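Report on one structure; see the data block that follows.
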Amino acid sequence: MQYSQLIKEGLWTNNQAFVALLGLCPLLAVSNTLINSLGLGLATTMTLVCSNVTVSVIRKAIPNEIRLPVFVLVIASIVTAIELMMNAYFFELYKVLGIFVPLIVTNCAIIGRAESFAFRNPPHKAFLDGLFMGLGFTLALVLLGSVREILGAGTLFSGAALMFGKSAESWTVFLFEDYSGLLLAVLPPGAFIGLGLLIALKNSLDIQRKAYRKEFKEQSVDKMN
Amino acid sequence: MALILGLFAVVGIGAVTWVYNVSKAKIIENERAALIKQLSALLPEGSYDNDIVNDTLEWTEPDLAAGGPLTIYRFRKNTLPVAVVIPTVAPDGYNGNIKLLVAITKEGVVSAVRAVAHHETPGLGDKMELERSDWIDLFKGQSLALLPESQWRVKRDGGTFDQFTGATITPRAIVKAVKKTVIFFETYGDELFLPLQPKGR
């Protein structure tokens, strides 16, 4: 498989959130602001990269019959370690994301990539797959988080200081003056509706692109005749 | 096969233990810093000089914190009592418990109230958060001497405190919890500053 293919699959054609619809529990729960989304997205990416590389490195030592329990062990250890590190170095963000950091363990996308990719590919490819699958997931989270924050609170980047330190306190952008907020966008149903709309948007982009390509092909066939 | 699985388990545990040991000190430091930050925001800077994190008193009071054990933080200057911070819980919020910190000076005047955790409806019941409105500062400077017990209600119930637009249950719960805390302080007052554990209930 080509590297460009890996990148394309991770970010777009096999996007874990928009196409595979995996890991929706943390995705829907945390995506009420951009910064929360970014925090969980990066933590998930980190986990995916570590677990993919680890699984790939030890793949020849794992008997086929016990591969799933081994994956679970690897992923659980990595998530616990990342949780402790976040608690130590991103304490404020860790408090905001709370229960959803340990719950990365239950993100099916991670064991899914271990099983369907990392177990069958060399480490450098597993690394790239983990990185771009993770970034694709982060992209989905950030898009949903931005939409919900803009509609729900009329701001962007609120809470940036949690991630980037004190100097980021002034990053918050107020998009509308005296905006009272659309409550629905912040509440759980807003997450479902928002995700549905984003998936619809992605699908319609794909369809348009396909139609455009087909037209282009037909035109070039016409010219040849 | 079982051996291999066991081996992986041991390696996994080893790795997590190592990370735990590396990050432990930093995590404890973080939690302590967060507690100090939270507590020190409740009283004017320089009004105390003791080690507030360790000058605590354990107490159990049926009316406060839903009857659970309390850790009361004491603030002193030159070893003289200044104020206490009493963590309490308003159990009757719209969506369950609202955790509060109530700072009361030794004269019985509320210095500040802060909500530290709650599950109230975003956009409606969350106006007790200082980032959203300064409603919670209505308590600042209040005391039983200034405001008789019957006035510690929201306006809709004939009291002094504003309710939020569209949400009465949340402010009602908070006012009630703060009132109980003020009454508690009135009852025990000086006892709460004793250096040793008094024989509380």
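Any read-out appearing in this document is the output of simple, stated calculations on the displayed coordinates, not a laboratory observation. What you see is a predicted model, and the numbers here were worked out from it, not measured in a lab. Counting neighbours? That spans all protein chains shown, and the Cβs are built from the backbone with ideal geometry, glycine included.
Annotations
- Relative protection proxy for A:24-36, B:12-24, from highest mean packing down: A:24-36, B:12-24 (other beta-carbon atoms within 10 angstrom).
- Of A:N203, A:N64, A:N121, the one that fluctuates the most in a GNM where chain A has Cα springs shorter than 10 Å: A:N64
- Cα gyration tensor shape for region B:56-193, rounded if a/c is under 1.5, else prolate or oblate: prolate
- Per-residue 3J(HN,Hα) values for region A:200-207, derived from phi via the Karplus relation 6.51 cos²θ - 1.76 cosθ + 1.60 with θ = phi - 60°, read 4, 4, 4, 4, 5, 4, 4, 5 Hz in sequence order (x marks Gly and Pro).
- Fully extending the segment from A:I58 to A:K95 would add 9.9 nm, taking 0.36 nm per residue of separation and subtracting the current Cα-Cα distance.
- At q = 0.11, 0.12 Å⁻¹ the log10 of I(q)/I(0) for the protein assembly as shown amounts to -0.97, -1.08, computed by Debye summation with a single uniform scatterer per C-alpha, solvent ignored.
- Candidates A:G190, A:G181, A:G134, ranked by Gaussian network fluctuation over chain A, Cα under 10 Å, top entry: A:G181
- Shielding by other protein chains, B:23-33, mean Cβ within 10 Å: 4
- The alpha-carbon of A:K214 sits under 18 angstrom from the alpha-carbons of these aspartates and glutamates, leaving out residues fewer than 8 places away in its chain: A:D206, A:D222.
- Using the Cα coordinates of region A:3-224, the gyration tensor eigenvalues translate into equivalent-ellipsoid semi-axes of 30, 29, 14 Å, sorted from longest to shortest.
- Considering only A:D206, A:D129, A:D178, the mean-square fluctuation computed in a Gaussian network model of chain A, springs between alpha carbons under 10 angstrom, is largest for A:D178.
- Selection among A:V101, A:P123, A:L143 by position relative to the dipole of region A:80-162 gives A:P123 as farthest towards the positive end (Cβ unit charges, Cα centre).
- Whole-number percent relative contact order across region A:3-224, with pairs defined as alpha carbons under 8 Å at least 6 apart: 31
- Residue among B:I36, B:S111, B:T60 farthest towards the positive dipole end of chain B, charges placed on Cβ: B:T60
- Counting every other Cβ atom within 10 Å of each residue's Cβ, B:M128, A:M85, A:M133 order from fewest to most as A:M85, B:M128, A:M133.
- Karplus 3J(HN,Hα) series, Hz, for region B:25-34 with 6.51 cos²θ - 1.76 cosθ + 1.60 (x for Gly, Pro): 4, 5, 5, 4, 4, 4, 5, 5, 4, 5
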